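Every number in this text was worked out from the coordinates using simple rules, so none of it is lab data. As the structure is a prediction and not an experimental result, all values here were calculated from the model. We place every Cβ from the backbone using ideal geometry, glycine too, and count neighbours over all the protein chains shown.
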Amino acid sequence: MTAQPVILVDTRSGVRTLTLNRPDKLNAANNDLILTLTRELQAADADDSVRVIVITAAGRGFCAGQDLGDVSGDHVDFTHHLNTTYNPLIRALRNTGKPVITAVNGIAAGAGASLGLAGDIRLWAQSAAMTQVFSNIALIPDSGSTWFLPRLVGYHRAFELMAFAQKVTADDALKLGLCEHVFPDETFHADVQAYAERLAARPANALKLTKQALQASMTGTLDDALDQESVLQQKAGDSWEHKEGLSAFAEKRPANFVK
Ligand code: T3D
């Protein structure tokens with residue numbers, strides 16, 4: 001029997017969808033899945049036909065975190081493992097200039113929760129949930145959760161969610177700012193595709209520069225941000241996209257940002 005690919009790849013209307021495909025294990029992450037997803041993110045970043053990247057998953061789960069069947073032995077070299085698997089994955093996701101949508105279709109646990117939080121836009125299915133499950137096995141949150149979560153909900157709520165591995169439902173995630181939209185389960189993947197296609201029609205260069213400015217602002221001062229905006233605005237203003245936007249405004253028609 002041929003082994004199923006751990007990541008399914010599909011491209012439609014400028015949207016590259018990467019689907020985690022270990023549904024029997026709620027898409028728990030083994031090395032093959034993490035490294036293949038990282039490579040596919042880098043490939044999507046390098047492909048000019050791709051304007052938006054979607055990460056989602058097959059079956060009822062999004063990602064149950066580290067595949068616990070793969071963890072054995074008296075001493076696991078966690079530092080090495082994180083530095084060679086999850087950390088390059090989260091960096092590849094954050095470093096692409098293309099918008100990344102994490103489309104959380106079901107339970108997102110442990111490193112799967114971190115992956116779900118790492119997108120530029122987070123879309124959740126109504127039955128999705130997130131749990132910072134790490135403390136259940138006496139580990140600390142990793143794969144970026146200690147960075148993402150307190151910035152979204154504040155230090156104290158992040159600590160409580162982590163300490164008790166509390167499950168956050170989609171409705172609560174929306175209130176807490178852990179996702180931008182919640183879609184019905186029945187239409188989730190179609191709704192995500194439609195949303196991604198709307199995003200793909202937006203000006204790609206301007207969005208890339210916007211991501212750059214926003215990400216730098218997370219660690220800088222207001223003065224840094226003002227300086228950065230003045231440099232990046234020049235790059236945006238010199239683009240064909242900007243000329244098209246101005247022409248469309250003057251001609252009272254929708255702008256066409258897709259060449
Ligand atoms: O290695 C390093 O470098 C450190 C990195 C760590 C990163 C991490 O992610 S640590 C956290 C690891 N993940 C977990 O601890 C989560 C374990 N799973 C759960 O707590 C629960 O499964 C869920 C809350 C995610 C979902 O619960 P539920 O009741 O909806 O489903 P279930 O029945 O527990 O799971 C369904 C199947 O998936 C089941 O298999 P079976 O019995 O039907 O054959 C279960 O064993 C499997 N599964 C779920 N999570 C994992 C898993 N198999 C392997 N690894 C998993 N993480």
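When both segment 114-180 and segment 190-259 are represented by their alpha-carbon centers, they are found 28 Å apart. In summary, the aspartates and glutamates within cross-link reach of Lys208, defined as a Cα separation below 16 angstrom excluding same-chain residues under 8 places away, comprise Asp45, Asp47, Asp48, Asp120, Glu229, Asp238, Glu241.
Helix 222-237 and the long axis of the chain differ in direction by around 60°, with both axes built from C-alpha atoms. Placing +1 on the Cβ of every Lys and Arg and -1 on the Cβ of every Asp and Glu, with nothing else charged, gives the chain a dipole about its Cα centre of roughly 520 debye. DSSP finds beta bridges in the chain, and of those with both partners inside it, around 30 percent are antiparallel. Across every direction, the projection of the convex hull enclosing the Cα atoms of the chain has a mean area of 16.1 nm².
Which of the lysines could be linked to Lys175 by a straight reach, that is with a Cα gap under 23 Å, when you skip same-chain ones fewer than 8 residues away? Cross-link targets: Lys167. Think of the chain as having a plus end and a minus end, set by charges on the Cβ of Lys, Arg, Asp and Glu; of Phe257, Ala163, Val100, Phe257 sits farthest toward the positive end of this dipole.
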